[in-house]
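Below is one structure, written out as structure tokens; the observations come after it.
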Amino acid sequence: MANILITGGSGLLGRRLTSILTEKGHHVSILSRSRHSSTSVKYIVWDVEKQILPPEAVANTEIIIHLAGAGIADHRWSESYKKKILTSRTSSADLIFQTLKNNPNNVHTFLSASAVGYYGHTGNVWIDELQPAADDFMGNVCKQWEKSALQFESLKIRVALLRTGVVLSDEGGALPVLARTVKFFAGAPLGKGDQYTPWIHIDDICKMYLFLIENKTLHGAFNANAPSPLENTFFMTLLGRILKRPIWPFNVPAFLLKIILGEKSAVILNGQRTSAEKIKRAGFIFDYSDPEIALRDLLLK
């Protein structure tokens, strides 16, 4: 069993992953901005803005999972919030890097979240990990995010990057919001409706982190999404069928979403048909590759 340090442990993915890791017997510590009491995990206070991280946080750590970052869809993208989206990811990684560089430690693996927003809007073309980063806000954020993770290789630490799609969970994220609109008879395709949504069941993304922990030769970028990205129109139609609600036959216009959401509308209107072949070739097996099975598991418990 490993000693694992997690940033962003209070987020949707962090909470679920922490629970699964502790159930499997791993010793988990979480970097947090405030003190918590827990019998199953250890909380360590750090301050990214002041660049404060106690050296003892990494003294016995073997694996670091970096999930920290301001929510992409939590607020309108003002210039100040766009800066926060970037620095909350890169400055936190830089702080950990400097702490490892200047203090004795046993860290051999650094696993970092990234996002399929790396690729920008790619239409209906299948995209693998060799596709370059898009020259837009999210593409540049992901590029800098990954660069901050890859610096750990200079310390002889293995680095793997998970370019994550929309994480489907019944405990938060996009799915409960979309399901609520459908339940209240307000479901409709968004924008043109032909943009692809790379999705992944929360249990599969947690399983993928475990897979990368256990397979110590794997490194570099991996698309962390199910093998079957869905067009938005199909995704909404499927939600309607599962929840037994009609989906409106007209789309929510892109210009209206841009007025309501501003630049953040790119999260909805941009799509990526990202391939999962690389992680599958490495031996990973999805429990939820069928979107209907995944959605029924989460929505009809």
*Which residue, of 180, 158, 89, is of a type outside the set (S, T, N, Q) and under 20 Å from residue 218 (Cα atoms)?*
158
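Just give me the residues in segment 267-285 being hydrophobic (A, V, I, L, M, F, W, C) and either touching a His at 6+ places or on another chain (Cβ under 8 Å) or farther than 21 Å from residue 168 by Cβ (or both), in sequence order.
Within segment 267-285, 269, 282 meet the criteria.
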*Which ones in segment 200-233 are open to solvent by less than 10 Å² (accessible area, probe 1.4 Å) and part of a loop (DSSP other than H, G, I, E, B)?*
225, 226
*May I ask you to list the residues in segment 266-293 that are within 30 Å of residue 254 (Cα to Cα), in contact (Cβ under 8 Å) with a residue 40 or more places away in the chain, in a helix (DSSP H, G or I) and open to solvent by 60 Å² or more (accessible area, probe 1.4 Å)?*
267
*Return yes or no: is residue 34 modelled with pLDDT of 95 or more and not charged (D, E, K, R)?*
no
*Count, please, the residues in segment 58-72 that happen to be surrounded by fewer than 21 Cβ atoms within 10 Å (Cβ to Cβ), of a type in the set (A, V, I, L, M, F, W, C) and under 23 Å from residue 90 (Cβ atoms).*
2
*Restricting attention to segment 149-186, which residues are of a type in the set (S, T, N, Q), open to solvent by 10 Å² or more (accessible area, probe 1.4 Å) and either over 30 Å from residue 236 (Cα atoms) or in a loop (DSSP other than H, G, I, E, B) (or both)?*
151, 154
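State whether one or more residues within segment 225-238 are within 22 Å of the chain's Cα centre (by Cα), within 30 Å of residue 156 (Cα to Cα) and not acidic (Asp, Glu).
yes
The values are calculated or read from the model by the stated rules, or taken from the named source; none is laboratory data. If you're wondering where the values come from, they're calculated on a predicted model, not measured in any experiment. Backbone-built Cβ (ideal geometry, glycine too); neighbour counts: all protein chains shown. For accessibility, only protein heavy atoms count, side chains too; no ligands or nucleic acids. Shrake-Rupley method; radii C 1.70, N 1.55, O 1.52, S 1.80 Å.
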